[in-house]
Amino acid sequence: MARVAIEYVIMIPILILQITVFPLAANTMISSWTNERRQVALQEVSNHLGSTIQQLYFSLNQEEISAGTVIQASTLPPMIEQYTYTAVGELGSSLDPDDPDSARVMVLTLSLAGNTATAYVTLGPNVSWEGGTFQSNSPTAAIKVDKASDGTLQFSFVE
């Protein structure tokens, strides 16, 4: 009888500990995994958006292309794991301050449910950035490029 009582004294706290610790540990691991998966998906989207902007620049930055406006509709997913995301861009100064014809870098920052991802896009000197916010769930979200007669390309996000 004493032996059974000692087993209960030892085993009951261990069982209670298992009942509380295992679900807590599993929940922490799943939350971390979900957050990392969301971060990877957001980084992929930011890279795709940056690539689209760079392709628009290379396509329109040719003498054969006349002045006008191009609007590229979004090909990005409207949601990542049931969350919408936003993107903002910022155009940096020339990479070489002594050379006005040096390349410029656009920084795209995407935000989603506490996660952020950044993409860097190298563009030429004839670029300007009007701004705007890209809303992923907007059915009219797009990238707008205005090409001036002097060859300047003005990028913006439009809805």
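Below are the figures for this structure:
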read-out	value
Residue list for region 25-53, restricted to those being touching a Leu at 6+ places or on another chain (Cβ under 7 Å) and either touching a residue at least 60 places away in the same chain (Cβ under 8 Å) or within 16 Å of Ser128 (Cα to Cα) (or both)	Arg38, Leu42, Val45, Ser46, Leu49, Gly50
Test for Pro125: is it more than 18 Å from Pro78 (Cα to Cα) and either surrounded by fewer than 18 Cβ atoms within 10 Å (Cβ to Cβ) or out of contact with any His (no Cβ under 7 Å at 6 or more places or on another chain) (or both)	yes
Condition met for Ser59 (at pLDDT below 90, among the polar types (S, T, N, Q) and more than 14 Å from the chain's Cα centre (by Cα))	no
Among (1) among the hydrophobic types (A, V, I, L, M, F, W, C); (2) over 16 Å from the mean Cα position of the chain (by Cα); (3) part of a helix (DSSP H, G or I), the one test that Ala41 misses	(2)
Number of the condition not met by Asp99 [criteria: (1) in contact with a Pro (Cβ under 6 Å, 6 or more places away or on another chain); (2) free of Cβ contacts under 8 Å to residues at least 12 places away in the same chain; (3) of a type outside the set (A, V, I, L, M)]	(1)
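The values are calculated or read from the model by the stated rules, or taken from the named source; none is laboratory data. Only a predicted model underlies this, so the values are computations on that prediction, with no experimental measurement involved. Neighbour counts are summed over all protein chains in view; Cβ atoms, including those assigned to glycine, are modelled from backbone coordinates with ideal geometry.
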